[in-house]
Structure formats: C-alpha cells, structure tokens
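The values are calculated or read from the model by the stated rules, or taken from the named source; none is laboratory data. Every value quoted in this text rests on a predicted model; they were computed, and no experiment measured them. Backbone-built Cβ (ideal geometry, glycine too); neighbour counts: all protein chains shown. Remember, those area values only see protein heavy atoms, side chains included, never the ligands or the DNA or RNA. Shrake-Rupley method; radii C 1.70, N 1.55, O 1.52, S 1.80 Å.
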Amino acid sequence: MYRAKTDGRGIYRIYSPEMGANMRRYHYLLDEMRLAIDSGNFFLTFQPVINVDGCHINYFEALVRWQHPVEGTITPDEFIPIAENSNLILELGDWILDEACRQMAAWYNAGMKSARISVNISAVQLKYKALSEWVLTSLQKTALPPTSLMLEITESCFIDAPDEAIRELEKLRQAGVIVAIDDFGTGFSSLAVLGNLPVDVLKIDKLFVSEAMNNKKYNKILHSIVDMAKQLELKVVAEGIEHVEQFELLKSLGVKYIQGYLISRPQRSSVVGEKIFDQGYSGLAQTGTSTWLPQTSRLTSGRILQSKAAS
C-alpha cells in the first residue's frame, strides 16, 4: 500500500518480502536518528571548492555524516531521504546550520574572511521554515557575517517551492547570504523559472562533467550551461571533478570554481584546520583565504600545477 501511494495514484503494487524489510529498516533508522540527534552522533565534514586560478579556497560545503554506535557510518544517501520523508530534517537541519555557522565563525575569526561555508537546504525546509528568520538567527547566535554563508538548494526543489520561500530567499540575499542552485540540469526546471529565481551561483551536476569527456552532445550541453550562466551573471561551480582531464576541460570553458575528489574528499574540521593554518597566518591576513592544491596522487603529469603556474 505504501509503495503504491508513493509511486502514484490509480496503480497497484504486489507485495514482496523486500518491501517488508525496507519498511522495517526505515522505522529502525527513524527511531535511531531521533536518538542520534540527542546523543550527538552526527558530525559535519567539509569539502573545499577552489578557484582554478591559484587553487584558492572559495568556500567549504558542509556535509552531514552519521556515526552509528553499532553499524558504523551510515551514508547520507540512506538517512537523508528518511529524514526528509519524516520531517525530521527540520530538527536535524537546525543542528547542521548552527554547527556549520559555528565552525565557519571560528575559521573567520582566525583569518578566513574571504571564504564561505555552504549548507544544503531541502524542499521540506523550504516549505515549513521561515527561512530568513531561521538563518539570520543562526548567524546571530554564532556571530558569523551573512556574507560568509551560502545556501545550496537543488534545482528540483525550486519547481514546487512556495512563493513565500522565494521571497524569504530574496530577503536573505539582501542581507548578504549567497544562494546557489545545486545539481543544475537534473531538475527539469524551465528557463523561465531560472530567470526569476533569487540565486547567485549555479552548480553544474557531475553527470554533465563526466559525460562531456566522451559524449559530444553532453560536451555541447556543458558549453551551453556555462555560456548561459555567464549571460545571467551567475557564478559557475562544477562539482564531481575526479580527473585531471575534467579539470582542464572546465578551465578551457572559463569555469572558475571546481569541487570534487580530485581536490579533496570531505574532511573533518580538524583536518581542514591543520591544512589551511599550517600554511601560515601571513597569507590568511593578506588574502582572507588559503590554498588547497589537488591531491598529488591523482596528478598524472603535474599538469594542474603547470596550468596554475602559467595562469
């Protein structure tokens, strides 16, 4: 019954043992998630987004992880949909925003004044949260300037977003918060919708980057997305970068900001702090940010470093 309701109206589904197992898993994780929030079993990791010219850090995306006391790490792919479907994402999202702002405030006070922290916002939060009050309250609690925060919202969330949510996002933009469309190209939103959204950053989904290397049509689509974003005066970020060839392609297209495993996997705050502050405080004082070079283990011929030096 639940599967049929989920898949649409006027259809039927035949019971299978897998459905029962999935339902038991769902309720088990839901109960465990409530305990995990109270017990502090969630933590944040941070993935850097860098400028291809000089590899300076533009911002960190905050990503939540769940360390279960028995099962170990439970992936977001499994627990986030449950949190959203049960509306528990509202409570978990409060913790994520506060913790991300708190951590960025610590880095900001240590000299990272030109970098930002990015937090993902779900469709449930768009629907039920008074966004401007919620976000500005968290910024006030943590003493983080609004200009140091970015909100990432997947393209599909905008399709059914209430008008009030759009107005709330515009209020936040007026206060200095940056708004980004995440996973662009996968949500099937119209260009008319894009033209009316209060956004500053467009994040190209990793599908287009990976497929563009071997598929001429995807390559042309990637070109078109980048050109359109430039015409709309949107900052372009390409995500899911894993190979040097992808890095070089994006740089040839004029994409300035990239994110992915070639640069770094998501890291705990202690690792991030050690990496950025080991470079010394003089650089932080001058630029307000730090550099994050791609992982040398993934460099095939040092081409990224050569490209960096040439720029």
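Please list, by residue number, every one of the chymotrypsin sites (Phe, Trp or Tyr not before Pro) in the stretch 186-256 that is coil in DSSP and has at most 16 other beta-carbon atoms within 10 Å.
Values: sites: 188, 208, 218, 247; in loops: 188.
When the chymotrypsin sites (Phe, Trp or Tyr not before Pro) of the stretch 186-256 are filtered for loop state and at most 16 Cβ neighbours within 10 Å, 188 remain.
Can you tell which of 173, 102, 34 shows the greatest fluctuation in a Gaussian network model of the chain with Cα springs below 10 Å?
34
Can you give the log10 of the normalised intensity I(q)/I(0) at q = 0.07, 0.08, 0.09, 0.14 Å⁻¹, computed with Debye over equal Cα scatterers of the chain?
-0.30, -0.39, -0.50, -1.20
Report, for the chain, the % of DSSP beta bridges that are antiparallel, rounded to 5. Don't skip to the answer; put the middle values down first.
Details: 16 of 38 bridges.
Bridges in the chain are about 40 percent antiparallel.
Given H placed on each backbone N at 1.01 Å, which residues far from residue 61 in sequence or on other chains put an amide H within less than 5 Å of it?
Those qualifying (amide H under 5 Å, at least 5 residues apart or on another chain) are 47, 49, 118.
Calculate the spin-label point distance for residue 207 paired with residue 28, positioning each point 7 Å from the Cα along the beta-carbon direction, and give it in nanometres.
3.1
State whether the stretch 85-199 is rounded, prolate or oblate according to the following rule on the C-alpha gyration tensor (a ≥ b ≥ c being the square roots of its eigenvalues): a/c under 1.5 gives rounded; otherwise a/b larger than b/c gives prolate, and the remaining case gives oblate.
Cα axes put the stretch 85-199 in the prolate bin.
In the stretch 62-102, which GluC sites (Glu not before Pro) fall in coil by DSSP and have 12 or fewer other Cβ atoms within 10 Å?
Sparse-neighbourhood loop GluC sites (Glu not before Pro): 71.
Any of 5/216; 113/256; 5/230; 5/129; 113/203 with alpha carbons more than 31 Å apart? Name them for me. Display every interim value, and only then the final one.
Numbers: 5/216 40 Å; 113/256 20 Å; 5/230 42 Å; 5/129 26 Å; 113/203 22 Å.
Listed pairs above 31 Å: 5/216; 5/230.
Need the list of aspartates and glutamates near residue 141 for cross-linking: C-alpha distance under 14 angstrom, and skip anything on the same chain fewer than eight residues off.
Answer for residue 141, where 14 Å is the Cα cut-off: 94, 98, 99, 133, listed by chain and number.
Quick check: Cα centre of the stretch 1-25 to Cα centre of the stretch 61-101, how many Å?
25
Of the heavy-atom accessible surface of the chain (probe 1.4 angstrom), what whole percent is carbon and sulfur?
51
Using a 1.4 Å probe, what is the accessible area per residue for the stretch 108-242, in Å²?
Spelled out: the 1.4 Å probe surface of the stretch 108-242, per residue, equals 47 Å².
Would you tally the net charge around residue 35, using a Cβ to Cβ cut-off of less than 15 Å, leaving residue 35 out, and scoring K and R as +1, D and E as -1?
-4
Read phi for every residue in the stretch 153-169 and hand back ³J(HN,Hα) as whole Hz from Karplus 6.51 cos²θ - 1.76 cosθ + 1.60, θ = phi - 60°, with x for Gly and Pro.
Once θ is set to phi - 60°, the couplings for the stretch 153-169 become 10, 5, 4, 5, 5, 6, 4, 10, 5, x, 4, 5, 5, 5, 5, 5, 5 Hz.
Per DSSP H run of at least 4 residues, take -39500 (n - 2.57); add these up for the chain, divide by its residues and hand me the 222 nm value, nearest 500 deg cm²/dmol.
Helix contribution divided over all residues of the chain: -15000 deg cm²/dmol.
For the stretch 163-284, with equal point scatterers placed on the C-alpha atoms only and solvent neglected, what are the log10 I(q)/I(0) values from the Debye formula at q = 0.11, 0.13, 0.14, 0.23 1/Å, to two decimals?
So the normalised log intensities work out to -0.48, -0.65, -0.73, -1.27.
Any idea what the relative contact order of the chain is, in percent, if you count C-alpha pairs under 8 Å spaced at least 6 apart?
19
What is the magnitude of the charge dipole of the stretch 1-143 about its Cα centre, with +1 placed on the Cβ of each Lys and Arg, -1 on the Cβ of each Asp and Glu, and no other charges, expressed in debye to the nearest 20?
So the magnitude is around 340 debye.
Please list 19-27, 145-153 highest first by mean number of surrounding beta-carbon atoms within 10 Å per residue.
Going from most to least packed, we get 145-153, 19-27.
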